[in-house]
Amino acid sequence: MDYLNSTEFYKSVVRHVESIGWKNLVKANPTFTELVFAHEENGRLHEIVMLLNESFPIKEPSYCTELPGKFTFDWNQSSSLAEVYANFINEVNSYTQFWDEMKMIDETCWVLEPVRPSKADCHRRIKLDINVSMEIKVDARNPTELPEIFFLGSETATETFRRKLESKYDEWNSNISIVYNLGELLEIKLPGKCEQEEITSIKCAVCCSYLFNNQGPNIYCEDCNKPFHEQCLFEYLKDSTKCKLIFGCVYGLCPVCNQSIKCKIMADQA
């Protein structure tokens with residue numbers, strides 16, 4: 001890589017960094033081909049990684065960010081890293097309300113997943129009741145609009161929550177917070193934040209663990225209401241002598257109560 005021995009390359013990089021400000025450069029590799037710039041927004045630190053190549057500045061650098069949406073920039077031969085950084089700041093600031101809403105959820109609700117959410121995560125799995133949880137996916141551009149909502153649990157356990165939500169969709173108020181809206185629509189006070197030991201006490205009845213591939217149990221028996229990881233239940237059922245494969249699902253008997261249960265055939269096993 002001859003360009004790494006070129007003084008012109010380094011002079012060009014230095015000029016670009018100076019235009020942004022050295023105080024905003026938080027990390028750089030020895031060859032200055034990987035630059036990390038930071039910006040603080042509402043007490044949150046955001047970073048953008050810029051990866052330079054041998055054709056820089058003719059060819060656009062690559063970017064890595066932790067934004068809920070893809071970061072893009074319309075680069076041309078006269079573009080500068082300062083313009084990229086300014087565009088990054090604008091993007092970060094446009095998500096302030098989204099991050100505020102997600103922070104409120106994390107601080108006031110019993111969040112099961114993600115255990116350690118990133119700034120790019122738009123979903124949360126929230127505990128509602130014993131063996132009932134709710135997964136929401138928030139629109140990062142319109143964070144106070146009605147999110148996508150899925151209830152996890154047996155049909156019997158989730159039926160009341162589904163009916164309440166379906167009957168009150170029209171009452172969602174985008175001028176107030178997600179947390180308040182959910183409480184009003186479901187007519188409950190959402191369970192508060194709990195310690196990790198309590199969260200992980202919701203264990204799969206097969207593997208006796210909470211997390212499997214970074215996910216908690218997502219299938220519940222209709223009869224005994226015990227939770228299972230889909231992969232664990234699939235592995236258990238397919239090895240059973242009473243297993244039946246029908247239209248993409250595997251049917252068998254619950255490992256706990258011995259009543260009928262089913263799950264999808266896992267993709268790598270289909």
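Looking only at residues in segment 155-181 that are hydrophobic (A, V, I, L, M, F, W, C) and in contact with a strand residue (DSSP E or B) (Cβ under 8 Å, 6 or more places away or on another chain), which one is farthest from D129 (Cα to Cα)?
Just the residues of segment 155-181 that are hydrophobic (A, V, I, L, M, F, W, C), to begin with: 157, 161, 165, 172, 176, 178-179.
Right, trim to in contact with a strand residue (DSSP E or B) (Cβ under 8 Å, 6 or more places away or on another chain) and you get 157, 161, 165, 178.
Values: A157: 9, F161: 10, L165: 15, I178: 19 Å.
Ranking the qualifying residues of segment 155-181, first place goes to I178.
Just to verify a result, which residue in segment 244-255, among those that are in contact with a Phe, Trp or Tyr (Cβ under 9 Å, 6 or more places away or on another chain) and under 16 Å from S154 (Cβ atoms), is least open to solvent (accessible area, probe 1.4 Å)?
Checking each candidate, the answer is C254.
Conditions first: (1) surrounded by 15 or more Cβ atoms within 10 Å (Cβ to Cβ); (2) in contact with a strand residue (DSSP E or B) (Cβ under 8 Å, 6 or more places away or on another chain). F9 passes all but one, so which condition is the exception?
(2)
I need the full set of residues from segment 193-214 which are at pLDDT 80 or above and of a type outside the set (F, W, Y), in order please.
K203, C204, A205, V206, C207, N213 - these are the residues of segment 193-214 that are at pLDDT 80 or above and of a type outside the set (F, W, Y).
Listed residues K193, K203; which is in contact (Cβ under 8 Å) with a residue 40 or more places away in the chain, on the phi < 0 side of the Ramachandran plot and either open to solvent by 30 Å² or more (accessible area, probe 1.4 Å) or in a helix (DSSP H, G or I) (or both)? Reasoning before the result, please.
Values: K203 fails: in contact (Cβ under 8 Å) with a residue 40 or more places away in the chain.
Answer to the selection: K193.
Is it the case, given these coordinates, that E91 is among the charged types (D, E, K, R) and open to solvent by less than 50 Å² (accessible area, probe 1.4 Å)?
Here the answer is yes, as E91 does meet what is asked.
State which residue pairs qualify: first residue among the small types (G, A, S) and inside segment 234-253, second residue not in a loop (DSSP other than H, G, I, E, B) in any location, beta carbons under 6 Å apart, and separation of 6 or more residues or different chains.
Close Cβ pairs satisfying both conditions: S240/G252; G252/L237.
The values are calculated or read from the model by the stated rules, or taken from the named source; none is laboratory data. Keep in mind the model is a prediction, meaning the values are calculated, not measured. Please note: Cβ atoms are built from the backbone with ideal geometry, for glycine as well, and neighbour counts cover all protein chains shown. When the accessible area is computed, the model is the full protein with side chains, heavy atoms only, and any ligands, DNA or RNA have been set aside. Shrake-Rupley method; radii C 1.70, N 1.55, O 1.52, S 1.80 Å.
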